[in-house]
């Protein structure tokens with residue numbers, strides 16, 4: 001990806017030098033935190049958490065409640081000593097450039113339709129941090145919180161994406177960030193709120209299906225960004241599209257479930273299969289049209 005010497009976003013909030021204070025377990029009732037901590041110590045547990053737990057945020061759920069950490073004032077942030085490698089500094093710069101490019105793209109697309117694009121913020125953290133959606137932890141992967149319109153990301157996720165899921169490359173990382181920004185676009189357009197309300201009235205299976213449609217639309221919107229960014233600023237290099245497709249395929253529900261539990265349960269999908277995620281990113285990339293990303297009315301996903 002051609003990203004050097006490009007504009008950086010001013011909407012990056014670096015919390016890597018702070019750590020969220022963790023309330024005592026049981027303070028607000030039964031807690032799932034011990035289970036989460038056990039899962040993070042196992043290979044299968046990492047797959048489950050990295051591939052699925054962030055969906056609770058993306059669907060509007062408050063993970064703090066599920067972990068028994070909700071209620072009362074938000075835990076404070078305490079400073080910790082943080083060392084940053086040269087590679088990590090470059091990664092932060094890269095993400096700042098990608099975020100800036102999504103800002104330029106979506107500002108232009110919103111303006112063309114007579115609307116105003118409100119820029120999200122990217123929060124970088126380590127281990128755990130507070131969000132308006134509850135406590136976020138690195139084991140849960142990147143997530144977007146509609147309540148504060150921020151994307152939360154621990155850079156360690158990209159190491160897992162490359163080593164454990166076999167999806168390396170800078171454009172794989174750009175796809176992940178663009179997907180989360182896609183959720184921000186859905187929030188601004190009222191799509192997230194409508195889908196959340198529909199899921200609240202639906203059965204578990206139907207709610208999962210609605211979640212899949214929302215996630216696949218975010219994949220498509222990531223492709224829309226890549227389409228316009230490349231046409232306007234010649235962003236893509238040889239191999240970039242394959243990196244993004246590799247990431248989309250690697251975190252498909254079918255692959256994550258097979259890795260974690262040895263079997264696939266389609267009714268429990270919340271993000272979509274590898275093939276579906278690849279297909280909808282391609283739709284956005286090839287057509288660059290929001291209208292082509294209507295996964296909610298699509299007969300075929």
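The values are calculated or read from the model by the stated rules, or taken from the named source; none is laboratory data. Remember, predicted model here, so these are calculated numbers, not experimental data. Heads up, the Cβs are rebuilt from the backbone with ideal geometry, glycines too, and the neighbour counts pull from every protein chain shown.
What the table shows:
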item: Residue count for segment 231-262, restricted to those that are at positive phi and assigned to a helix (DSSP H, G or I); result: 0
item: Filter result for the condition that a residue is assigned to a loop (DSSP other than H, G, I, E, B), closer than 24 Å to residue 211 by Cα and modelled with pLDDT under 95, over 74, 70; result: 70
item: Single match in 218, 202, 260, 197 (criterion: out of contact with any strand residue (DSSP E or B) (no Cβ under 6 Å at 6 or more places or on another chain) and surrounded by 21 or more Cβ atoms within 10 Å (Cβ to Cβ)); result: 218
item: Residue within segment 140-154 that is in a helix (DSSP H, G or I), under 12 Å from the mean Cα position of the chain (by Cα) and either closer than 22 Å to residue 99 by Cα or modelled with pLDDT of 95 or more (or both) present; result: yes
item: Residue check for residue 216: in a helix (DSSP H, G or I), closer than 22 Å to residue 141 by Cβ and without any contact (Cβ under 8 Å) to a residue 60 or more places away in the chain; result: no
item: Set 228, 179: member being within 15 Å of residue 98 (Cα to Cα), assigned to a helix (DSSP H, G or I), more than 16 Å from the chain's Cα centre (by Cα) and at pLDDT 95 or above; result: 228
item: Qualifying residue in segment 263-272 (condition: part of a loop (DSSP other than H, G, I, E, B), modelled with pLDDT of 95 or more and either in contact with a strand residue (DSSP E or B) (Cβ under 7 Å, 6 or more places away or on another chain) or within 20 Å of residue 174 (Cβ to Cβ) (or both)); result: no
item: Given (1) closer than 17 Å to residue 183 by Cβ; (2) outside any loop (DSSP other than H, G, I, E, B), index of the condition residue 94 fails; result: (1)
